[in-house]
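The values are calculated or read from the model by the stated rules, or taken from the named source; none is laboratory data. Remember, it's a predicted structure, so these values are computed and weren't measured experimentally. Positions of Cβ are backbone-derived with ideal geometry, glycine not excepted, and every protein chain shown enters the neighbour counts. Surface accessibility is based on the protein's heavy atoms, side chains included, excluding ligands, DNA and RNA. Shrake-Rupley method; radii C 1.70, N 1.55, O 1.52, S 1.80 Å.
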Amino acid sequence: MNLNILTKKTGVTLIELLIVLVLSSILVAALYRTFVDQQKTYAVQEQVVDMQQSVRVGIDQMTREIRIAGYGGDILASFGNVNGFTNIITPGNNSNNIGKNDDSITIMIADEAAKLTATAAQGSSQLNVTTAADFNSDKKKYLCLNGENNYLVQSVSGNTITLTTPLSEGHRIDEPVLLIKAVTYKLMWDTTDPTMPVLVKNDNTGNGDQVNADNIEDLQFRYTLSDGTVTDSPANPENIRVISVTIKARTEMTDPQLSGDGHRRRELTSMIKVRNLGL
């Protein structure tokens, strides 16, 4: 007996296959779009974090150094000027270094550069120090001991410093030896990228501008004087008692989803009491 067994073959038609491909493409495109959006969000957040860190670094160092401006005894009575600057604080209102009415400031500070390696007797004119590297030019000749005794450096030989005048009192081993310098903070265009504004610090000792923080597009100072007056440009810097510093940073890259120029920005303001003026 012959049995005819009928079998039905199943499969995927071309239309069904095309439908599956279209649906798969839509799903892959959606997943890819989600991935791209997440990457953009991550990149923007990373830029914001970098910007916030930059603005904090910029304002923190300025705050510390402005607060101690004038430390080192009667600097101007001792030297008359430090590398041409004749005020403890020299405001620079609307310096326009990047063309945005940005300000600058120059402050005199005493910065530890070495320690005594031997006792220095009263009447001596030589100091033995751990390193004399920071006193090796005519722009690095302003020396302070004890935070109040100031001397001009005559010459340096190895790690021995010879002063132009003898010591008025003795000093003990390990006592800090301070270099008095006039430090300028200002904005400049980055030398490697003329579209990037940066905050620079210049010790005015021959080393030039040193980048302190990237992408800082605005720097403003306001001064409260001894009589309570608040001004951008004090006629007599000796009357400055409080300095307000405002610094604005921007992200390095633009955010396509943000209106305007696409840069996100953060602004910080710090009020600084100048400790060594008006004592």
Find, to one decimal place in angstroms, the Kirkwood hydrodynamic radius of the stretch 102-157, where the mean of 1/r is taken over every pair of different Cα atoms and then inverted. 12.8 Å
How large is the dipole of the stretch 232-279 about the Cα centre if only Lys and Arg carry +1 and Asp and Glu carry -1, each at its Cβ, rounded to the nearest 20 debye? 240 debye
List the residues of the stretch 83-126 whose backbone N lies under 15 Å from a point placed 7 Å from the Cα of Asn204 along the Cα-to-Cβ direction. 83-93, 104-111
Total formal charge among the other residues, if their Cβ is under 14 angstrom from that of Gly73, Lys/Arg +1 and Asp/Glu -1: -2
When the chain is treated as a GNM, springs tying every alpha-carbon pair under 10 Å, which of Val230, Val129, Val28 comes out with the largest mean-square fluctuation? Val28
What dipole magnitude, in Debye to the nearest 20, does the chain give about its Cα centre under +1 on Lys/Arg Cβ and -1 on Asp/Glu Cβ? 720 debye
Using each residue's phi in the stretch 209-215, evaluate 6.51 cos²θ - 1.76 cosθ + 1.60 at θ = phi - 60° and report the 3J(HN,Hα) Karplus result to the nearest Hz, with x for Gly and Pro. 7, 10, 5, 9, 7, 8, 6
Of the residues Gly70, Gly84, Gly58, which exhibits the maximal mean-square fluctuation in a Gaussian network model of the chain defined by a 10 Å Cα contact cut-off? Gly84
Among Glu148, Glu16, Glu65, whose mean-square fluctuation peaks in a Gaussian network model of the chain (Cα, cutoff 10 Å)? Glu16
For the stretch 263-273, in residue order, the Karplus 3J(HN,Hα) values (coefficients 6.51, -1.76, 1.60; θ = phi - 60°; whole Hz; Gly and Pro = x) are 8, 7, 9, 9, 10, 10, 10, 10, 9, 10, 8
Using only the Cα atoms of the stretch 206-279, what do you get for the radius of gyration and for Dmax, in Å? 16.9, 53
Principal axis extents for the chain, Cα atoms only, whole Å, descending order, please. 135, 48, 29
Strictly over 18 Å apart at the Cα level, which of Lys141/Lys181; Lys115/Lys141; Lys141/Lys273; Lys181/Lys201; Lys186/Lys273 would you flag in this model? Lys141/Lys273; Lys186/Lys273
Collect residues whose amide H, placed 1.01 Å from N in the peptide plane, falls under 5 Å from the amide H of Asp255; neighbours closer than 5 in sequence don't count. His263, Arg264
Roll a 1.4 Å probe over the protein chains and send me the accessible area per residue for the stretch 96-205 in Å². 43 Å²
On C-alpha positions alone, give me the angle between the axis of helix 14-67 and the longest principal axis of the chain, in degrees, nearest 10. 10 degrees
